[in-house]
Structures are given as C-alpha cells and as structure tokens.
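Participant: Once you've had a glance at the structure underneath, I'll fire off some questions.
The values are calculated or read from the model by the stated rules, or taken from the named source; none is laboratory data. Owing to the predicted nature of the structure, the values given are computational and were not obtained by experimental measurement. Glycine also receives a Cβ, built like all others from the backbone with ideal geometry; neighbour counts cover every protein chain displayed.
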Amino acid sequence: MSDRFNNRYQSILAVFLIGTLVLMGKAAHLQLIDDTYRVKGNNIAVDEITTYPSRGFITDRNGKIIVYNNAMYDLMVTYKQVDAEMDTAKFCQLLGIDKAAFIKKLNKNWRSGRFSKRKPFVFLDKISARRYTKIQEHLYEFPGFFTRLRNVRGYPFPNAAHVLGYLGEVNRKQIETSDGVYSLGDYVGQSGLEYQYERELRGEKGVKFMLKDKFGREVEAYDNGDSDIPAVSGKNLITALDIDLQIYCEELMKNKRGSIVAIEPATGEILTMLSAPTYNPNLLAIGPDRGNNYKALERDSLEPFFDRSVMAKYPPGSIFKTIVGLVALEEEIVTIDQKVTCKGYYQPGKANSRKFGCHNHEWHVDITKAIKHSCNSYFFRTFRDIVDQYGESIPQKGLSVFNDYLSEFGIGKPLGIDYPREKQGNNPRPKYYDKIYKNDGGWNSGKIMSVGIGQGEVEMTTLQMANLATIIGNKGRYILPHLAKGFREEDGTEIRKNPKYQKIQQVSVNQAHFQPIVNGMEQVVLAGTAKQAYIEDIPVCGKTGTSQNAGKDHSIFFAFAPKDDPKIAVAVYIENGGFGGTYAAPIASLVIEKYLKDSIRSKKRQYLEERMMAANLVDPTKP
C-alpha cells in the first residue's frame with residue numbers, strides 16, 4: 001500500500017514539475033524572443049470603422065444603366081491621434097490646401113455636440129480617385145488620418161434629371177429622426193426617384209473592427225475580421241422609363257416650357273416624364289463644382305428646378321370636353337345621336353346677351369362631331385345640363401355628381417405616383433363656389449359654364465392628362481401610373497413591383513359610352529383640329545386644347561395609339577405655345593411614332609420633326 005502511494009505521489013509531482021517548466025519556458029519565449037503580444041499590448045484602441053454600401057444602380061425598362069456609382073473619398077481624422085510634430089507643410093501640399101485651412105478643418109466647436117476629439121470626423125470630403133492615390137501613398141506618415149470610400153452618382157446620359165433626382169448631405173433633423181441610420185456627412189436622396197426609393201437604394205452600412213496603435217495607425221483586423229459586419233449593397237432599381245424616348249422628348253422640348261408624360265396603357269408604366277426646361281443631372285453630382293452649379297440653376301429665370309410634369313396645375317382646355325361628354329352620356333343628359341345646333345357661338349341668355357365664340361364648323365353636331373370640331377357651344381350647353389339636372393335652383397347637387405366623376409378620373413387629388421411632390425390639380429366643388437360668390441348673389445350653371453370647356457377653376461397636371469388619355473384608350477380601365485417596374489438584388493434576384501401598381505382601377509362609366517368619344521378623337525386627327533398629328537399607318541386618337549392665358553395661350557394635346565389596344569398614351573403641354581394643333585399635337589405624334597416605330601420615317605414628318613426641334617418659344621427674338 002505504501003509503495004503504491006509513493007509511486008502515485010511521484011507521478012503527480014512529475015506532472016506538476018513538467019507543467020511548471022513548460023509554462024516558464026513559454027513565458028521566457030514571449031518575454032525574450034517573441035514580441036507579438038508585447039506589441040499588441042501597446043495597442044490603445046479597437047476602432048469601429050463604418051463601411052459604406054454600394055448604392056443601387058438605376059436602369060431603364062430595357063436594362064440600360066442610367067445612374068451608376070463613382071468612387072470618391074473622404075479624408076477622416078481623429079483629433080486625439082494627430083501627431084503634433086507632423087510635417088504640416090507636406091500634408092497641406094498633398095491636399096492642395098494652406099495652413100490656415102488645415103487649422104480650420106482640424107479644430108471644431110467641441111462643445112456643440114456634433115464633434116468629438118476621440119471620434120473620427122470628415123477633414124476633407126469629395127476627394128477624387130486621382131488625388132486619393134497620391135494621398136494614400138503618404139498617409140502612413142500622418143497618424144490620426146485615414147480615408148473612407150464613398151460612392152457618389154454618375155450619369156451616362158445627360159437626361160431625366162427631374163425624374164432621377166439627386167443626392168445631398170443629410171441635415172441634423174434627418175440624422176435625429178433616422179434612428180441611427182444616418183450620421184454626419186452621409187448622403188441621402190433629395191428629390192426624384194433617389195428620394196422616393198431611398199430606403200431600397202441606400203443599402204445597409206457595415207462595421208470593420210481594426211486594432212490601432214498609439215499613433216492611430218491600423219495594425220491589423222480585430223479578431224481576424226470575424227467580428228466585422230459587412231455592408232449590404234442597395235437594390236438596383238428597374239424603372240419603367242425608356243431612356244431613348246426620354247432623350248428624344250427632351251430634344252423636342254428644347255427652348256420650350258412645359259412637359260410631356262407618356263404611359264403604357266396596359267400597365268400604367270410611365271415611359272417618359274419630363275419637365276422643360278431641364279438640366280444635365282451631372283451638374284448636381286457630388287463634387288467640387290456642385291454648389292456653384294446648384295446656385296446657377298436656382299437663379300435661372302426659367303425655373304429648371306420646377307417640375308412641370310407633376311407640380312404645375314394647368315387649365316386643361318378642350319381636352320376636358322371628353323370627360324364632360326362621358327359624364328353626360330352616363331347621366332343620360334345626351335344620347336349618342338342627339339344633335340345640338342351651333343351657329344358659331346353660344347348665347348346663354350336673351351337675344352342681346354353676350355355671345356361666346358366657337359369654331360367654324362357644320363351647324364348640327366352630335367357628340368362625336370362635337371369632339372371632332374371641339375364645339376364650345378355643345379359643351380357649354382351639355383355641362384350646364386349636367387349641373388342643372390336636378391333643377392336650376394339647386395346646381396350644387398348636379399355639380400357634386402360631376403365632381404364625383406372627376407375624382408374617379410383622378411382629378412382634384414394626387415394619383416399616387418411613386419414620385420415626390422405630386423400636386424392634386426383642382427376639382428372645384430359647390431363649397432368653393434359658395435364661398436367665392438357669397439357676395440355676388442350666389443352662383444348658377446351659367447356663371448361656371450367655362451368649366452365645361454376646361455377653363456375656369458378646373459386644373460390638371462400633365463400626369464393627370466396622360467392618365468385620362470389612358471382611361472379613354474382603355475375604355476374606363478387603368479392602373480395607377482408608376483415609374484418603378486421593380487428591383488434587382490445584388491445576386492440577380494428580381495423583386496416585383498408594389499401590388500398597389502398592379503391593381504386595375506375602373507371608372508363608373510359604361511364601357512359603351514367611350515366609343516363615340518374615341519371615334520371623335522380619331523376624327524380630330526383625321527379631319528379635325530389636329531391634322532398635323534396624323535400618321536399614315538398608326539391610327540391616332542387625340543384631342544387638342546388651347547388654354548387661355550394672360551400672355552400667349554398654352555398649347556395642349558393628349559392622345560393614345562393605336563386606336564384599338566393602345567400601346568402608348570401621351571400628354572403634351574406647351575406653355576405659351578398657342579393653339580393646340582400648332583405645337584403640342586405634332587410633338588405628341590412624333591413621340592408616338594418614335595416609340596412605336598423607332599424612327600420618323602417619311603420626309604414630310606422628318607421636316608415636321610426638324611421644325612418642332614428648332615422652334616424657340618422661350619426667346620421670342622429667335623425663330
């Protein structure tokens with residue numbers, strides 16, 4: 001028993017002695033030979049470095065990239081890690097700044113709460129890739145400074161500026177309300193699709209953990225990078241835009257004020273949407289010249305920042321007669337064959353009362369011919385009959401019925417396009433007239449009859465006009481207009497569009513009532529007020545409008561084509577363009593032919609194209 005105990009005791013003792021010798025040897029090795037942990041012991045921080053995701057690209061409906069990313073760099077600094085003995089002269093020479101600028105950029109208002117001496121902040125932003133290469137070679141000489149890659153936008157086409165929008169630096173309010181998503185110096189979508197789809201395009205930031213020495217120099221990745229959180233790239237936005245059509249429309253609208261909106265009737269997808277005058281989106285790309293470019297555009301008297309496609313509220317003029325006709329048919333105010341006599345004017349009162357002029361056309365017109373000839377007399381009378389259908393003493397009731405139809409057609413409310421700043425137009429209701437005629441003996445259908453021809457208080461956006469053309473072309477059916485077809489993930493997976501923009505809407509007008517209106521619109525182009533919009537092998541249905549104005553009248557046209565199963569609906573509004581058939585109708589027809597046939601084919605129409613592109617309606621001193 002004693003021998004066995006002694007043997008066990010000796011074995012345990014031997015194990016302890018061997019273990020002690022191993023530990024002593026390892027300690028000696030670490031202290032005398034291997035300095036790895038001594039170096040790491042001198043490290044003073046594990047820095048969290050934000051890594052920025054690649055912002056999603058934007059493409060047109062055919063896959064052409066219309067917005068991409070350009071590399072740009074920010075030079076960051078941590079104040080507490082800056083070496084007071086650094087070669088400031090060399091550093092300033094590398095950056096192209098003087099010493100005064102260096103001092104100003106390094107010293108901040110530390111009491112403001114915006115900056116910390118222990119946390120990195122932007123010392124110099126918007127550094128180009130070329131300058132970055134020069135700086136990076138020497139950055140190791142300047143502890144506390146490091147670079148951060150940023151993606152800013154680039155545009156291969158100088159077009160679609162309003163639709164695409166631009167990026168800008170976040171403000172304090174955006175930071176405070178972002179729940180940590182944004183921080184000082186971040187860029188965010190400020191307008192257009194960049195603003196509308198900011199959440200999807202921006203991606204998600206990541207974090208890289210780095211060990212740094214007491215001089216602020218990166219030593220190595222913390223935990224071999226296993227603790228890093230990778231940035232997630234933004235989704236690529238696939239738009240409904242046809243960039244080639246957009247470019248063509250902008251060429252047609254050069255030296256003009258107004259807008260064009262074209263929609264694919266079957267889907268509600270917006271093929272082109274522009275406001276003129278426009279500008280090159282590259283002017284507002286993040287860079288050293290951006291500030292001056294922005295100020296110049298802001299000072300421009302033609303207001304290129306004002307998006308006339310969705311923000312301008314225009315009197316629709318005679319295109320509004322199509323709605324008056326549809327409502328009258330649905331409410332059984334008129335029939336398809338019923339004729340009205342027009343002697344070239346409408347006289348609402350006694351024989352000596354004022355006469356309201358009309359176009360020179362045949363005297364007896366039904367609803368189809370009234371559309372063809374844009375007969376004011378017909379629609380003055382018809383609108384008044386709608387308003388007075390429950391009695392001349394209670395026009396409020398009849399107007400309310402009319403207002404409800406207008407709402408169904410998307411007038412007087414935003415359509416809900418996936419785009420910011422859309423205005424609602426104006427659908428004037430009884431309360432509105434009760435207020436403005438309060439001290440004028442009240443109102444009746446005669447006092448507001450100008451609404452029947454698209455004048456007076458009714459207002460529409462160009463987008464709403466294009467949507468109206470869609471509704472008529474589809475005989476009452478439409479899908480809400482939208483700019484996004486969907487998204488594509490980084491791995492190529494496609495995400496479908498919002499269900500809101502797939503739902504079919506239907507107005508409460510019998511489908512049969514659309515046919516005489518459509519036939520009339522076809523006659524407008526064949527033999528009416530828009531013969532310049534005629535295309536030999538494309539049945540175009542359209543309606544001109546001329547909106548009265550204090551200066552020169554506005555030129556308006558909306559259309560769809562082909563007549564059966566339309567592939568495009570378009571609205572064109574030319575400020576101070578005069579009669580609707582002069583500029584708006586030919587321009588719309590060129591847009592239709594370009595989209596459906598890819599070119600303007602006949603010499604006659606090529607001449608028309610040249611004339612429209614050359615027309616200068618901004619500077620009256622030029623042809």
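Participant: Restricted to the stretch 511-557, and to residues that are among the aromatic types (Phe, Trp, Tyr) and in contact with a Leu (Cβ under 9 Å, 6 or more places away or on another chain), which residue is surrounded by the most Cβ atoms within 10 Å (Cβ to Cβ)? Step through it out loud before you land on a result.
Facilitator: Narrowing the stretch 511-557 to residues among the aromatic types (Phe, Trp, Tyr): 514, 534, 557.
Now restrict to residues that are in contact with a Leu (Cβ under 9 Å, 6 or more places away or on another chain): 514, 534.
Numbers: Phe514: 21, Tyr534: 18.
Applying the filter and picking the extreme gives Phe514.
Participant: Another question about this same structure. What do you reckon, is Tyr73 surrounded by fewer than 16 Cβ atoms within 10 Å (Cβ to Cβ), more than 30 Å from Ser259 (Cβ to Cβ), among the aromatic types (Phe, Trp, Tyr) and in contact (Cβ under 8 Å) with a residue 12 or more places away in the chain?
Facilitator: no
Participant: Same structure again: Go through Ile270, Ile238, Ile247, Ile286 for me and flag whichever is over 30 Å from Tyr378 (Cβ atoms), at pLDDT below 95 and under 20 Å from the mean Cα position of the chain (by Cα).
Facilitator: Residue meeting the stated conditions: Ile286.
Participant: Next question. Can you go through Val82, Val77 and tell me which one is within 28 Å of Gln190 (Cα to Cα), in contact with a Gly (Cβ under 6 Å, 6 or more places away or on another chain) and at pLDDT 85 or above?
Facilitator: Val77
Participant: I would also like to ask the following. Working only within the stretch 295-309, note down all residues that are over 13 Å from the mean Cα position of the chain (by Cα) and crowded, with 16+ Cβ neighbours inside 10 Å. If you could, list the steps in order and put the result at the bottom.
Facilitator: Just the residues of the stretch 295-309 that are over 13 Å from the mean Cα position of the chain (by Cα), to begin with: 295-304.
Of everything in the stretch 295-309, those that are over 13 Å from the mean Cα position of the chain (by Cα) and crowded, with 16+ Cβ neighbours inside 10 Å turn out to be Leu297, Pro304.
Participant: On to the next question. Scanning the stretch 302-345 for residues that are at pLDDT 95 or above, outside any helix (DSSP H, G or I) and among the β-branched types (Val, Ile, Thr), which turns out farthest from Phe383 (Cα to Cα)?
Facilitator: Val310
Participant: So, Tyr346, is that one assigned by TED's automatic domain parsing to the domain that holds Thr529 and touching a Ser or Thr at 6+ places or on another chain (Cβ under 6 Å) or not?
Facilitator: Yes: the conditions hold for Tyr346.
Participant: With respect to Phe209, determine if the residue is at pLDDT below 95, in a loop (DSSP other than H, G, I, E, B) and among the aromatic types (Phe, Trp, Tyr).
Facilitator: Considered against the rule, which asks whether it is at pLDDT below 95, in a loop (DSSP other than H, G, I, E, B) and among the aromatic types (Phe, Trp, Tyr), Phe209 comes out as no.
Participant: Taking the criterion of being touching a Cys at 6+ places or on another chain (Cβ under 8 Å) and not assigned by TED's automatic domain parsing to the domain that holds Val163, would at least one residue in the stretch 473-488 satisfy it?
Facilitator: Looking for residues that are touching a Cys at 6+ places or on another chain (Cβ under 8 Å) and not assigned by TED's automatic domain parsing to the domain that holds Val163, one finds at least one in the stretch 473-488, hence yes.
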